[in-house]
Amino acid sequence: MFGQIDWNMGYGTSGTDGHGGANGVDPTGARRQIIPAFRCPSDPGTGRIPWTTPAGVKVTGAPANGGYAHGNYVGSVGTSTRLNTNTPGIFNQNNTVKIRDIVDGTSNVLAVAETVIGFYRESVNDSGNLTDCVGGSKDTSSTRMAGNSWFYAYFPQSAFFNTYVGPNNKVSVDCGVNSDRVNAAARSMHVGGVQVLMCDGSVRFVSENIDLGTWSFLGDMADGNVVGEF
């Protein structure tokens, strides 16, 4: 893949020690290498993006973590707020999904959507799968922040989104502390919606006013629901 995005030179800096070790302290290490293809020009990538919560409180997200190169594209877990071995979306924990598993059709299932780097989130767990986030304080963890790293994704909050809530969700806040929580919306700095990548490789702009039922159908790879136009 690196060869297709003109990053062959950077591949050699990735090393074998993951995000720590020499790669963790080397300023030229892979984890600090910004890959333009993984960034959206509309997002400055510095974190601290202002937002108004559903309660009307003006907030800002966490500052960006200087130890990592950030990214604006995150994977879909579908209509779930958990990352586990059988999420309805195409991204799972310690599991693989093949084209044959996307029985709803690759043109009808989301693969990737945008996120806003360092978007406001709260340091609290939801009360159960498919429940809203309530009652938390600002999450100041930069490694859990949305889009923290294209290289390292131990915390799913930084690398995935769900279709339980709509794009640019304004009804509830993003949250989650535990390492299986994905209570986060697809988000962008664009007016009116987000860019998404479908499993057939096509790119679409989806309105933030999309019917929530249709959005959830798009997130699930084998629910048998008819998506229709969107």
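The values are calculated or read from the model by the stated rules, or taken from the named source; none is laboratory data. These numbers were taken from a predicted model, which means no experiment stands behind them. Because the Cβ atoms are built from the backbone with ideal geometry, glycine has one as well, and the counts that use them run over all protein chains shown.
Checking each residue in region 100-128 for being closer than 15 Å to Val196 by Cβ, buried (at least 24 other Cβ atoms within 10 Å of the Cβ) and β-branched (Val, Ile, Thr) picks out Val109, Thr115, Val116.
Per-residue answers, yes or no, for (1) out of contact with any helix residue (DSSP H, G or I) (no Cβ under 9 Å at 6 or more places or on another chain); (2) of a type outside the set (S, T, N, Q); (3) at negative phi:
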site: Gln93; (1), (2), (3): no, no, yes
site: Val103; (1), (2), (3): yes, yes, yes
site: Val109; (1), (2), (3): no, yes, yes
site: Ala113; (1), (2), (3): yes, yes, yes
site: Gly136; (1), (2), (3): yes, yes, yes
site: Ser149; (1), (2), (3): no, no, yes
site: Asn162; (1), (2), (3): no, no, yes
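Kindly indicate the residue of region 67-99 that is farther than 25 Å from Ser202 by Cβ, polar (S, T, N, Q) and over 15 Å from the mean Cα position of the chain (by Cα) and also surrounded by the most Cβ atoms within 10 Å (Cβ to Cβ) among those meeting that condition. Within region 67-99, the match that is surrounded by the most Cβ atoms within 10 Å (Cβ to Cβ) is Asn84.
Scanning region 110-139 for residues that are within 28 Å of Ala69 (Cα to Cα) and among the β-branched types (Val, Ile, Thr) gives Val112, Thr115, Val116, Ile117, Val124. For region 55-62, check the following and say yes or no: at least one residue is surrounded by 14 or more Cβ atoms within 10 Å (Cβ to Cβ), within 23 Å of Met198 (Cβ to Cβ) and at pLDDT 95 or above. No, region 55-62 contains no residue that is surrounded by 14 or more Cβ atoms within 10 Å (Cβ to Cβ), within 23 Å of Met198 (Cβ to Cβ) and at pLDDT 95 or above. Could you tell me whether any residue of region 50-62 is in contact (Cβ under 8 Å) with a residue 40 or more places away in the chain and within 16 Å of the chain's Cα centre (by Cα)? Yes, the conditions are met somewhere in region 50-62. For the subset of region 190-230 comprising residues that are assigned to a helix (DSSP H, G or I) and in contact (Cβ under 8 Å) with a residue 40 or more places away in the chain, which member is surrounded by the fewest Cβ atoms within 10 Å (Cβ to Cβ)? Checking each candidate, the answer is Leu212. Of all residues in region 168-181, those that are within 19 Å of Glu208 (Cβ to Cβ) have Cβ atoms under 6 Å from Cβ atoms of residues that are surrounded by 21 or more Cβ atoms within 10 Å (Cβ to Cβ), 6 or more apart or on another chain, in Asn168/Arg187; Asn169/Ala185; Ser172/Cys133; Val173/Glu122; Val173/Cys133; Asp174/Arg121; Asp174/Ala184.
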